[in-house]
Amino acid sequence: MTDPTTMLRDAQLRVTRPRLTVLEILAHHPHADADTIARSARDSLGKVSTQAVYDVLAALTEAGLVRRIEPAGSPARFELRVGDNHHHLVCRVCGKIVDVDCAVGERPCLHASHDHGFEIDEAEVVYWGRCPACRASRPDGATASAD
């Protein structure tokens, strides 16, 4: 990751401790949700509200420093990998998310069968399955139930 202070200044955002902290957290925990980021921020900063973390995430996302992804059935997740139109693998059992590079390479990676007049600049693909750890713990394909 580029220096967080430089990232913020280059995006013409004020450099604040909460913004720096959120960037550092995402550097170590890609695909974290806002509540996880807020807990980590409290560990680092002391008192900080969840709303303040949401505000920081919104500002960083709007500035293009953070990408928000929304896998079905999961809270929004955030990551620092932006601008390359990569995709994601999501484990159906444990929820682990990992990055997958573009299938074709250049934006938008995939081409719609019909663009309906849209200028398409991005494609979002989510691959679903079971991660290696979940496959090893449940080789029969069964998923854990919430008893």
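The values are calculated or read from the model by the stated rules, or taken from the named source; none is laboratory data. For clarity, every value in this text was computed on a predicted model and none was experimentally measured. Note: ideal-geometry Cβ built from the backbone for every residue, glycine included; neighbour counts use all protein chains shown.
Yes or no: the range 31-52 includes at least one residue that is in contact (Cβ under 8 Å) with a residue 60 or more places away in the chain and assigned by TED's automatic domain parsing to the domain that holds Arg17.
Yes, the range 31-52 contains a residue that is in contact (Cβ under 8 Å) with a residue 60 or more places away in the chain and assigned by TED's automatic domain parsing to the domain that holds Arg17.
Determine which member of the set Ala11, Ala27, Ala59 is more than 26 Å from His111 (Cα to Cα), buried (at least 16 other Cβ atoms within 10 Å of the Cβ) and in contact with a helix residue (DSSP H, G or I) (Cβ under 9 Å, 6 or more places away or on another chain).
Ala59
State yes or no: is Gly95 loosely packed, with under 13 Cβ neighbours inside 10 Å, under 26 Å from Trp128 (Cα atoms) and within 17 Å of the chain's Cα centre (by Cα)?
Judged against the criteria, Gly95 is not a match.
Return the residue satisfying two criteria in turn: it lies in the range 14-24 and is among the charged types (D, E, K, R) and closer than 15 Å to Ala59 by Cβ, and of such residues it is surrounded by the fewest Cβ atoms within 10 Å (Cβ to Cβ).
Ranking the candidates gives Arg14 first.
Against the conditions (1) outside any loop (DSSP other than H, G, I, E, B); (2) at pLDDT below 80, where does Thr143 fall short? Just the number, please.
With (1) outside any loop (DSSP other than H, G, I, E, B); (2) at pLDDT below 80 applied to Thr143, the lone miss is (1).
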